[in-house]
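For reference, the structure is listed below as structure tokens.
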Amino acid sequence: MPLPSPAPRQAWHTRKVTFHGYKRDDGLWDIEGELIDTKPRELKSPEKGLMPPGTPIHHMLARITLDDDFTVVAIAASMESTPFPECGGALVNLQKLVGVRAASGWRQAIHAAMGRTDGCTHMRELILNLGTAAYQTLSSHKRKATEGQPLVRNLKPPPHLGQCMAWDFDGAVVKRHKPEFFGWRKPEKAVK
């Protein structure tokens, strides 16, 4: 269903973000992202002077290389366009993410490695969403790899269950596609 018709307006800002997932020949995975911010009008930058319409204010690229367990084995990033020359210094701390899993705890790991003045808001946003793109990329591979194999009953639900309305443990989608977890509740820890 499309959005309702908007009130009269003028374009003021565009952010384009794209992600791509690749299976490498060596068995690893590359997840790449790109973020571009532009203005549809001329912009006066305090550092760059007059910028024509469509000139990128932010243009950032990032790649994480993962193994099948979502562990980051390499990370690379580039800041093609930034508002200030000092922004590039934010890339140094990215290497702290090597060895981290792009799974549960990914947001906290990014904040620990490059939060606040140890990084760049825009690069953190891009890197954070590489984790989501990784999940989308690797999960389809894992589903294909297990097609036709006997169903293994896990004691723990997949990480996407219970994270949105469609995958609610008490919802129809879980009941249809993951019935073993329909109505699932996290086991309570034993009190000592």
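Of a type in the set (A, V, I, L, M, F, W, C), touching a strand residue (DSSP E or B) at 6+ places or on another chain (Cβ under 6 Å) and within 30 Å of Gln163 (Cα to Cα) - does that describe any residue in the range 33-48?
Looking only at the range 33-48, we keep the residues that are of a type in the set (A, V, I, L, M, F, W, C), and these are 35-36, 43.
This time we only want the ones that are touching a strand residue (DSSP E or B) at 6+ places or on another chain (Cβ under 6 Å), so: 35-36, 43.
If we keep only those that are within 30 Å of Gln163 (Cα to Cα) too, we end up with 35-36.
Yes, the conditions are met somewhere in the range 33-48.
Cβ-Cβ below 9 Å, separation at least six or inter-chain, first residue in the range 50-73 and on the phi > 0 side of the Ramachandran plot, second part of a strand (DSSP E or B): which pairs?
Listed pairs, sorted by first residue: Gly54/Thr14; Gly54/Thr38; Phe70/Trp29; Phe70/Arg101.
Quick check on Lys23: is it at pLDDT 95 or above and open to solvent by 50 Å² or more (accessible area, probe 1.4 Å)?
Details: at pLDDT 95 or above: yes; open to solvent by 50 Å² or more (accessible area, probe 1.4 Å): yes.
In short, yes.
Which pairs have Cβ atoms under 7 Å, sit 6 or more apart or on different chains, and link a residue in the range 101-121 that is over 16 Å from Tyr135 (Cα atoms) and part of a loop (DSSP other than H, G, I, E, B) to one that is of a type in the set (S, T, N, Q) and open to solvent by less than 80 Å² (accessible area, probe 1.4 Å)?
As it stands, the answer is Gly119/Asn93, since those pairs meet every condition given.
Given the conditions (1) surrounded by fewer than 18 Cβ atoms within 10 Å (Cβ to Cβ); (2) part of a strand (DSSP E or B), report the number of the one that Thr65 does not fulfil.
Of the numbered conditions (1) surrounded by fewer than 18 Cβ atoms within 10 Å (Cβ to Cβ); (2) part of a strand (DSSP E or B), the odd one out for Thr65 is (1).
If you check Ala109, Ala103, Ala113, Ala77, which single one turns out to be open to solvent by less than 60 Å² (accessible area, probe 1.4 Å) and closer than 18 Å to Leu35 by Cα? Walk me through it before giving the result.
Values: Ala109 fails: closer than 18 Å to Leu35 by Cα; Ala103 fails: closer than 18 Å to Leu35 by Cα; Ala113 fails: closer than 18 Å to Leu35 by Cα.
Sole residue among the options that is open to solvent by less than 60 Å² (accessible area, probe 1.4 Å) and closer than 18 Å to Leu35 by Cα: Ala77.
Of everything in the range 82-100 that's part of a helix (DSSP H, G or I) and touching a Gly at 6+ places or on another chain (Cβ under 7 Å), which residue is most open to solvent (accessible area, probe 1.4 Å)?
As a first pass, look at the range 82-100 and keep what is part of a helix (DSSP H, G or I): 85-97.
Restricting the remaining residues to those that are touching a Gly at 6+ places or on another chain (Cβ under 7 Å) gives 90, 93.
Details: Ala90: 10, Asn93: 29 Å².
Ranking the candidates gives Asn93 first.
The values are calculated or read from the model by the stated rules, or taken from the named source; none is laboratory data. Please read these numbers as outputs of a predicted model, since none were measured by experiment. In this analysis, Cβ positions are derived from the backbone assuming ideal geometry, glycine residues included, and neighbour counts consider all displayed protein chains. Keep in mind that these areas ignore ligands, DNA and RNA; they rest on the heavy atoms of the full protein, side chains included. Shrake-Rupley method; radii C 1.70, N 1.55, O 1.52, S 1.80 Å.
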